[in-house]
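Participant: I'd like to ask some things about the structure below.
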Ligand code: SF4
Ligand code: SF4
Ligand code: SF4
Ligand code: SF4
Ligand code: SF4
Ligand code: SF4
Ligand code: FES
């Protein structure tokens with residue numbers, strides 16, 4: 001309506017104009033927003049999104065949809081334009097912005113997006129068709145506590161070959177979530193591999209629920225367990241049968257005394 | 001002059017190429033051979049495997065990887081084909097293929113002649129790197145000629161493309177997508193229930209063992225061991241010009257007189273020559289042409305010696321059935337005469353005689369099973385071995401073909417003229433027939449070579465004045481070419497009196513049973529060998545072949561006689577499914 005001149009007067013010199021984003025995840029107000037290019041991420045998340053809800057610590061934002069990359073909190077001063085996002089291993093892509101917090105496991109998060117693109121591969125070219133499958137299998141192993149240290153180099157190598165040789169944008173960008181999380185959240189990968197632990201408590205295979213000595217044997221957990229794997233009697237600490245536990249977390253949530261621990 | 005060329009550098013070597021040249025071809029021009037899996041000069045480019053990637057420098061000094069098979073050379077380009085990154089990318093691609101491929105080289109028919117295997121060696125792949133899920137699709141052993149093994153398929157797409165673009169049969173398709181993608185007939189039908197004509201061109205293009213011969217080596221081995229039946233064999237014209245390649249000789253090497261020695265060592269008692277059957281086919285089909293010239297049609301008379309073509313015609317163009325020559329193929333003529341004339345002369349029951357046909361063709365395996373090619377429940381030809389299977393059988397029996405002494409085929413069904421051997425070259429069947437037809441119409445005018453029918457053109461056309469008739473000739477190979485000509489004949493755009501159709505590109509020298517690799521260049525060299533063989537023959541006209549004369553005088557009477565019709569002619573019918 002206002003013409004090209006006006007549109008170009010907004011934004012940055014190299015990336016003039018505005019862009020519509022879909023802001024979701026751990027912010028107070030989510031939704032579609034249109035902002036001038038070049039706006040710092042923090043501005044967008046804190047002002048427009050209203051920042052994180054009470055008691056939540058923002059960890060990163062996945063920019064660009066499933067083929068985009070994860071940008072950590074420390075880099076929220078980054079202006080949103082094509083080149084700056086690219087420099088961080090992310091893309092403008094679909095304009096999706098998913099804000100994550102401490103309860104998001106970045107390995108599982110990357111795996112989730114890769115599973116999506118892997119499923120969407122048309123199958124024409126080998127790097128995308130076969131490579132995303134193998135990356136996904138490696139991530140599966142890591143999130144199940146069966147990863148090896150060498151897997152990280154393997155992921156990086158596969159990712160770079162897939163990026164550089166795939167025939168179309170889908171394959172070329174599919175590894176972004178993995179590469180960017182490897183770059184900014186390698187610690188989380190290492191925790192899964194070396195400590196066999198998921199710091200955010202998301203990866204079920206790496207989770208165990210225990211009942212602590214503070215158990216008052218109220219039996220609430222046992223009544224709520226969907227697979228009835230908690231047993232106990234009055235006056236004794238209840239016990240979880242680890243072989244049958246499906247790690248649903250129900251006991252952890254219902255225990256009125258905080259006697260169920262997860263780690 | 002210079003304007004038509006662009007300059008670029010490949011591995012720091014300056015190269016001048018015509019615009020539109022691919023980086024792959026530009027590199028080849030300076031002796032850099034980049035590996036490929038999905039690229040083939042006869043097929044459209046799809047850039048599917050990405051194995052051929054090379055490094056291209058961007059303006060800002062950074063680099064990118066591009067597939068050289070599909071990327072056009074541009075002026076000033078700086079290309080590197082063998083950097084560390086490029087080698088790493090190719091290695092990863094090979095390792096990714098292996099992760100989804102049976103680890104079964106020892107028991108694989110392609111062992112030793114597999115492009116994937118060679119690549120593993122070239123890129124020193126020494127372990128299976130990625131373990132994980134494999135695509136599992138059942139094999140398809142429904143046809144008598146070729147079998148499909150999708151577990152081995154690397155999805156290069158060449159089978160789909162050759163079937164679609166060269167043969168225009170469209171029997172194969174990509175099915176599913178992503179990790180589950182696989183090439184197979186539409187609706188996952190068994191190949192035997194499709195319009196597939198069993199030409200085997202897909203097998204020739206397949207870089208791995210995903211498409212194979214249905215092998216009859218074991219069966220023939222057993223019969224040879226038993227020695228219960230009278231063992232006879234016939235050898236197609238194209239074999240002598242190609243089998244040497246499977247023993248390390250260059251394409252175009254002729255081993256005509258080694259073959260009978262080898263067959264005798266295998267234990268065959270009577271060594272016949274399909275060339276003789278070709279001479280007989282010339283007599284019968286030549287007289288069909290003469291009859292039609294007298295009767296004024298129907299034209300064109302269309303050759304029927306290529307079973308791939310016959311099956312194609314029955315699926316796609318049954319309206320041309322009245323045009324088809326009713327003469328059997330040379331293979332079936334030799335088969336029939338073996339089980340009738342020869343058995344009679346030897347005083348043995350046809351059931352006592354076993355006949356193997358050594359053929360360049362996978363569709364010949366289908367042909368021997370047709371009901372019209374059996375007599376009292378006994379097939380005229382008992383087993384077909386392709387050129388490749390023949391070489392396997394020889395190796396199994398420790399026979400090193402090139403170092404054998406020479407010997408000759410046996411009388412009578414092993415005696416042939418130069419015309420007979422011409423059936424191995426595209427246009428050769430027609431040329432052979434015309435030699436005889438011309439000399440019948442114009443006695444004494446020995447016309448031996450018909451330049452319009454020579455060479456590799458897919459559609460060769462010309463006209464021939466013989467007597468007071470002008471004959472319009474057309475010879476095609478590859479069924480895509482056949483479609484063009486048949487459609488033009490149907491629409492009235494083209495008038496043809498005599499049409500030769502060979503299903504396979506290059507005719508029988510390029511048949512689906514021939515040695516791997518079978519490229520255009522190799523086909524051409526085999527054709528030259530066929531021409532040389534013809535020129536070296538003392539008799540070059542079928543009707544002057546003494547064995548042919550003897551068969552007619554002592555057994556069949558005249559060409560097209562009642563007995564000849566009974567034994568040497570056949571019929572056709574529309575075949576389901578009807579092709580489009
Ligand atoms: S990169 Fe593109 S063309 Fe290649 S398989 Fe993936 S989606 Fe298909
Ligand atoms: S985590 Fe779920 S399944 Fe496991 S013990 Fe608790 S309630 Fe039962
Ligand atoms: S197709 Fe090639 S790589 Fe595969 S098993 Fe056979 S020989 Fe080995
Ligand atoms: S044998 Fe011939 S017709 Fe059949 S699928 Fe292969 S190329 Fe197509
Ligand atoms: S069957 Fe062979 S030619 Fe066809 S796509 Fe698979 S590997 Fe390629
Ligand atoms: S051209 Fe020759 S090899 Fe091909 S189908 Fe016909 S007879 Fe067989
Ligand atoms: S050969 Fe170039 S992409 Fe396959």
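Coordinate-derived values only; no laboratory data. All of these numbers come straight from a predicted model, not from anything done at the bench. Reconstructed Cβ throughout: ideal geometry from the backbone, glycine too, with neighbour counts over all protein chains shown.
Participant: From Cα pairs below 8 angstrom and at least 6 apart in sequence, can you work out the relative contact order of chain A, rounded to a whole percent?
Facilitator: Once divided by the residue count of chain A, the mean separation gives 14 percent.
Participant: For the pair residue B:118 and residue A:148, what calculated FRET efficiency results from E = 1/(1 + (r/R0)^6), where r is the Cβ-Cβ distance and R0 = 22 Å, to the nearest 0.05?
Facilitator: Result of the calculation: an efficiency of 0.10.
Participant: Moving on to the next point. With label points built 7 Å along Cα→Cβ from the Cα atoms of residue B:58 and residue B:346, find their separation and express it in nm.
Facilitator: 7.4 nm
Participant: Need one word for chain A: rounded, prolate or oblate. Basis is the Cα gyration tensor (sqrt eigenvalues a ≥ b ≥ c); a/c below 1.5 gives rounded, then a/b vs b/c decides.
Facilitator: oblate
Participant: Rank the residues B:16, B:309, B:366, A:6 as a footprinting-exposure proxy: fewest other Cβ atoms within 10 Å of their Cβ go first.
Facilitator: Listed from fewest to most nearby Cβ atoms, that is A:6, B:16, B:366, B:309.
Participant: Using the count of nearby Cβ atoms within 10 Å as a rough guide to exposure, how do B:337, B:479 rank from fewest to most?
Facilitator: Taking fewest neighbouring Cβ atoms as first place, the list is B:337, B:479.
Participant: Please report how far the C-alpha centroid of segment B:147-165 lies from that of segment B:227-287, rounded to the nearest whole angstrom.
Facilitator: A separation of 31 Å, based on Cα centres.
Participant: Report the antiparallel proportion of the DSSP beta bridges in the protein assembly as shown as a percent, rounded to a multiple of 5.
Facilitator: That works out to approximately 65 percent antiparallel.
Participant: By the gyration tensor of its Cα atoms, with a ≥ b ≥ c the square roots of the eigenvalues, what is the shape of segment B:444-541: rounded for a/c under 1.5, prolate for a/b over b/c, or oblate?
Facilitator: Judged from the Cα gyration tensor, segment B:444-541 comes out oblate (a/c at least 1.5, b/c at or above a/b).
Participant: Contact order normalised by length for chain B, with contacts defined as Cα pairs under 8 Å and 6 or more residues apart; what percent is it?
Facilitator: The value is 15 percent.
Participant: If I fit a long axis through the Cα atoms of helix A:150-165 and take the longest principal axis of the Cα atoms of chain A, what angle between them do I get, 0 to 90°, rounded to 10?
Facilitator: Taking Cα atoms only, the helix is inclined about 30 degrees.
Participant: FRET efficiency for residue A:47 and residue A:183, Cβ-Cβ distance as r, R0 = 30 Å, nearest 0.05?
Facilitator: In this case the efficiency is close to 0.65.
Participant: By how many nm would the segment from residue B:45 to residue B:129 grow when fully extended, if each residue of separation counts as 0.36 nm and the alpha-carbon distance is taken off?
Facilitator: Working it through step by step, the gained length comes to 27.3 nm.
Participant: Shape of segment B:135-213 from its Cα gyration tensor (a ≥ b ≥ c, root eigenvalues): rounded if a/c is under 1.5, otherwise prolate when a/b > b/c, or oblate?
Facilitator: Rounded, because the longest to shortest axis ratio a/c is under 1.5.
Participant: OK, next. Measuring from label point to label point, each 7 Å out along Cα→Cβ, what is the residue A:87 to residue B:219 span in nm?
Facilitator: Once both label points are built, they end up 7.1 nm from each other.
Participant: Oh, and also: Given the Cα atoms of segment A:1-129, and with Rh set as the inverse mean 1/r over their pairs in the Kirkwood sense, what is Rg to Rh to two decimals?
Facilitator: 1.01
Participant: Return the distance in nm (one decimal) between the two label points of a simple spin-label model at residue B:18 and residue B:378, each offset 7 Å from Cα along Cα→Cβ.
Facilitator: 5.9 nm
Participant: So for segment A:187-263, averaging the separation of alpha carbon pairs under 8 Å that are six or more residues apart and normalising by length, what relative contact order in percent results?
Facilitator: Reported as a whole number, the value is 35 percent.
Participant: With N denoting the number of residues in the protein assembly as shown, provide Rg(C-alpha) divided by 2.2 N^0.38 Å, to two decimal places.
Facilitator: Expressed relative to 2.2 N^0.38 Å, the Cα Rg reads 1.24.
Participant: Would you order B:268, A:257, B:174, B:299 from fewest to most other beta-carbon atoms within 10 Å of each residue's own beta-carbon?
Facilitator: Exposure proxy ranking, most exposed first: A:257, B:174, B:299, B:268.
Participant: Rule-of-thumb check for chain B: C-alpha Rg over 2.2 N^0.38 Å?
Facilitator: Rg over 2.2 N^0.38 Å, computed on Cα atoms: 1.02.
Participant: Further question on the same structure: Nearest 10 degrees, 0 to 90: what angle lies between the long axis of helix B:387-396 and the longest principal axis of chain B (Cα atoms)?
Facilitator: 90 degrees
Participant: Semi-axes of segment B:6-95's equivalent ellipsoid from the Cα gyration tensor, sqrt of 5 times each eigenvalue, largest first, rounded to whole Å?
Facilitator: After scaling each eigenvalue by five and taking roots: 19, 17, 11 Å.
Participant: Give the distance, in whole Å, between the Cα centre of segment B:82-125 and the Cα centre of segment A:1-72.
Facilitator: If we compute the Cα centre of each part, the gap is 46 Å.
Participant: Moving on. What is the distance in Å between the Cα centroid of segment B:437-515 and that of segment A:110-189?
Facilitator: When both Cα centres are located, 56 Å separates them.
Participant: If I fit a long axis through the Cα atoms of helix B:307-316 and take the longest principal axis of the Cα atoms of chain B, what angle between them do I get, 0 to 90°, rounded to 10?
Facilitator: 80 degrees
Participant: For chain B, what proportion of DSSP beta bridges, expressed in % and rounded to the nearest 5, is antiparallel?
Facilitator: So the antiparallel bridges amount to about 55 percent of the total.
Participant: Still on this model: Set the Förster distance to 35 Å, then compute FRET efficiency between residue A:102 and residue A:205 from the Cβ-Cβ distance, nearest 0.05.
Facilitator: 0.95
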